[in-house]
Amino acid sequence: MERAGVERNDNACLDVEMKRSVLAIIACTAISPALAAAFDANTPCSVALEAFNSPKRAGEVLAGVPSPQEQEVGDYILGVMDRLDRTYTDAGKPGVWSSFSDAGKRSIAASAVANCRLHPERTINQAAEAVYGSVRDIHIQLGIVK
C-alpha cells in the first residue's frame, strides 16, 4: 500500500517536471524567436537589425555587455569573417583577420550590422562578406599585409 503511494507521488513529480520543461521551452521561444533559429547563409539582415535594435551603436554594444541576441549575431558575423579569412590563407593568399585585436574584430563585426542597416535586403552573410572584403582590400592596398 505504501509503495503505491510512492509511485503515484513519483509520477506526479515527473508530470510537474515535464510541464516545467515545456513551459520553459515555450517561454524561450516566445521571448526570443531570433535565438530559436540557427543562423545560416540565408539569414536576412532583418534578424541582425532586430537584435541590435537599441539606441546604442552596434560597436558600443559588442564592446560592452551585449544581450544574448546581440552576442549570437556578433558571434555569427565573427565566424563568417574568420571562415572567409581562412579560405584566403588556405589558398596561400594573405589573410588579415589575425592582425586584429578582439576589440578590432568586434568593431569590424559591428560594421557588418551597419552594412545591414544600409542594405536591409541583404543577408547577414552578404553584409559580413562585403565588410570583410573591403577591410581586406584596404589592408592589401595600404601594404599592411602582403
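The values are calculated or read from the model by the stated rules, or taken from the named source; none is laboratory data. All values derive from a computational prediction rather than experimental measurement. Because the Cβ atoms are built from the backbone with ideal geometry, glycine has one as well, and the counts that use them run over all protein chains shown.
Brief remarks on what is shown
- Extreme residue, surrounded by the fewest Cβ atoms within 10 Å (Cβ to Cβ), among residues of segment 85-110 that are under 20 Å from P66 (Cβ atoms) and touching a residue at least 40 places away in the same chain (Cβ under 8 Å): A103
- If the condition is being exposed (fewer than 15 other Cβ atoms within 10 Å of the Cβ), among the charged types (D, E, K, R) and more than 19 Å from the chain's Cα centre (by Cα), then segment 111-146 contributes D137, K146.
- Single condition P44 does not satisfy, out of (1) within 19 Å of G133 (Cβ to Cβ); (2) modelled with pLDDT of 95 or more: (1)
For (1) part of a helix (DSSP H, G or I); (2) under 15 Å from A51 (Cβ atoms); (3) touching a Leu at 6+ places or on another chain (Cβ under 9 Å), each residue gets a yes or a no:
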position	(1), (2), (3)
D75	yes, yes, no
M81	yes, no, no
L84	yes, no, no
Y88	yes, no, no
G92	no, no, no
R106	yes, yes, yes
S111	yes, no, no
N115	yes, yes, no
E121	no, no, no
